[in-house]
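Where a number appears in this text, it was derived from the coordinates with a stated rule and is not lab data. Computed from a predicted model, the values in this text were never measured in an experiment.
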Amino acid sequence: MVASGDDETRDRVGRAVTRLERAVGRLEELVAARAPEAEAERQRLVAELNQAREDYARLEEVTDRVSGRLDDAIARFRAALGEE
């Protein structure tokens, strides 16, 4: 007996679903295998970001101090030149 068009379509769709399920399974295995690596990378990036934030805060402090010192020096020069 020859399968009708509907039966052939169902068979093709069934085979496609089976292939898709296998592919999804392989992808899930790959993701699970790489999860520890991804977490380690995330933690490394978080640490780098925190370090960059700390560096930025220190640079802000230094910049503020230098700016204040320059303002003081300019004021002293002006005073010495009699510009005030």
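Listing for the model above:
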{"quantity": "Residue count for segment 28-64, restricted to those that are among the basic types (Lys, Arg) and either over 19 Å from the mean Cα position of the chain (by Cα) or not in a helix (DSSP H, G or I) (or both)", "calculated": "1"}
{"quantity": "Of all residues in segment 1-27 being assigned to a helix (DSSP H, G or I) and of a type in the set (A, V, I, L, M, F, W, C), the one that is farthest from the chain's Cα centre (by Cα)", "calculated": "13"}
